[in-house]
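The values are calculated or read from the model by the stated rules, or taken from the named source; none is laboratory data. Everything quoted here is computed from the prediction, not taken from an experiment. In this analysis, Cβ positions are derived from the backbone assuming ideal geometry, glycine residues included, and neighbour counts consider all displayed protein chains.
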Amino acid sequence: MESSLKLYYYTGTGNTLRVVKHLAELAAEQKMESEWVPVDRLKKADLEKPSDISLTGICYPTHGFNAPWHIIKFCFRLPRKRKAGVFLLNNRGGSKIGKYRLPGISGIALLLPALILFLRGFKIRGLCSADPASNWLSIHPPWKPKQASYIMERALKQSSTFFNKLVNKRCVVRTGIILTWPIDMAISWISVLYFLKGRFLLAKMYMAGHKCTSCGLCEKQCPVGAIKMVNKKPYWTFDCESCMRCMNICPEKCIQASHSIFGVLLAAVVASGITVLLSDITGFGDFLESNREQFGAVLSYCINFVFQLAIFFPVLFFAYGFIHYLMLIKPFRYLFEYTSLTKYWGHYLAPEVERKDLQPRKQQNRRDV
């Protein structure tokens with residue numbers, strides 16, 4: 001049995017942080033020393049090789065039925081030590097109907113990081129999915145505090161059962177994961193599309209409303225450094241993970257996920273049905289069609305998809321840049337702000353988590369329990 005626990009975690013609204021705190025409490029009950037480290041802007045030089053007497057855990061949310069890109073990069077950067085024990089815990093978006101708490105869906109959020117670490121020589125000690133309250137505010141209103149706490153209770157119980165088995169056995173895979181694997185695999189194509197396109201489109205729907213004081217707090221506390229101040233207003237780059245930390249730590253509560261901006265950007269991208277037009281003008285479509293037998297159907301599709309991506313990113317970049325400068329004009333800023341549903345249904349912070357807990361690594365000391 002390992003004598004210590006080291007947890008690396010990524011959190012936006014605090015769900016993962018709450019579960020990590022709970023795991024640290026469980027470790028203390030097992031007389032294990034514990035350390036929990038946010039991977040905010042963590043560099044490879046800051047990482048230590050996993051110890052033979054330490055159990056390492058990586059905890060993170062699920063984004064678009066996939067692991068956040070920041071976590072995938074972290075799995076490649078974690079210093080390799082063959083057969084070092086590592087477990088993975090991802091948070092899925094849980095919900096409830098009446099008194100019944102419902103699980104979320106992982107997609108490949110758990111399997112992809114596990115595969116990366118396994119191929120790098122790590123020993124996968126355990127896999128677990130927990131189900132705190134779904135916090136995807138771009139899609140639905142936040143859960144009320146009592147409801148969120150009720151849903152979180154189940155997530156903490158799931159992590160407790162998993163951890164207690166983990167410290168007494170060599171390898172543990174939570175049963176609930178196995179039961180949902182067929183669904184996870186069936187939607188894996190959505191995970192891939194989200195990774196290649198969706199996350200970049202969603203990253204560009206954020207904006208700061210008219211109450212923005214240009215304090216720069218969102219820029220300082222973004223876990224991946226994706227926010228820059230342009231013309232004294234926040235500008236979200238393609239590095240954004242849509243974790244929504246900025247929305248929840250803004251003292252003026254003026255950061256929104258603007259659905260009208262999303263609509264404009266989506267229209268611009270779809271209109272890059274210019275893709276089809278350009279392929280006809282350049283003769284690219286005819287070239288693919290005439291060489292389909294030579295390339296094969298799959299390769300032709302892949303080449304066409306790459307061509308679409310080559311148009312997708314410039315269109316998205318220039319469309320968002322135009323909107324950002326357009327919002328310097330007050331009527332347009334009000335328009336985009338008040339056509340955002342998050343303006344009306346509010347924000348979300350996990351139960352028993354405070355804004356100060358979401359400080360970036362440079363301002364946050366490592367904590368032992």
Count - residues of the range 313-331 that are surrounded by fewer than 17 Cβ atoms within 10 Å (Cβ to Cβ) and assigned to a helix (DSSP H, G or I):
10
How many residues are in a helix (DSSP H, G or I) and charged (D, E, K, R) when one looks only at the range 163-186?
2
For the structure I just gave you, tell me whether ARG125 is more than 26 Å from TYR194 (Cβ to Cβ), in a loop (DSSP other than H, G, I, E, B) and in the same structural domain as GLY176 (by TED's automatic domain parsing).
no
Failed condition for LEU202, given (1) at pLDDT 90 or above; (2) in a helix (DSSP H, G or I), with all others met?
(1)
Which is in contact with a Gly (Cβ under 6 Å, 6 or more places away or on another chain) and at pLDDT 70 or above, of ALA319, ALA350, ALA310?
ALA350
Taking the range 127-170 on its own, how many of its residues are basic (Lys, Arg), over 18 Å from LYS6 (Cα atoms) and surrounded by 15 or more Cβ atoms within 10 Å (Cβ to Cβ)?
1
I'd like the residue in the range 336-355 that is in a helix (DSSP H, G or I) and either in contact with an Asp or Glu (Cβ under 8 Å, 6 or more places away or on another chain) or not basic (Lys, Arg) (or both) and, out of all such residues, is surrounded by the fewest Cβ atoms within 10 Å (Cβ to Cβ).
TYR344
Within the bounds of the range 227-236, is there any residue that is touching a helix residue (DSSP H, G or I) at 6+ places or on another chain (Cβ under 6 Å), of a type in the set (Val, Ile, Thr) and closer than 26 Å to PRO113 by Cβ?
yes
If you check SER134, SER95, which single one turns out to be closer than 18 Å to SER191 by Cβ and touching a helix residue (DSSP H, G or I) at 6+ places or on another chain (Cβ under 9 Å)?
SER134
Close pairs from the range 328-355: first in contact (Cβ under 8 Å) with a residue 40 or more places away in the chain, partner exposed (fewer than 12 other Cβ atoms within 10 Å of the Cβ) and part of a loop (DSSP other than H, G, I, E, B), Cβ under 7 Å, at least 6 apart:
LEU328/ASN231
Given the condition modelled with pLDDT under 90 and among the hydroxyl-bearing types (Ser, Thr, Tyr), answer yes or no: does some residue in the range 28-42 qualify?
yes
Note on the range 219-246: residues in a strand (DSSP E or B) and within 17 Å of TYR10 (Cβ to Cβ) are ILE227
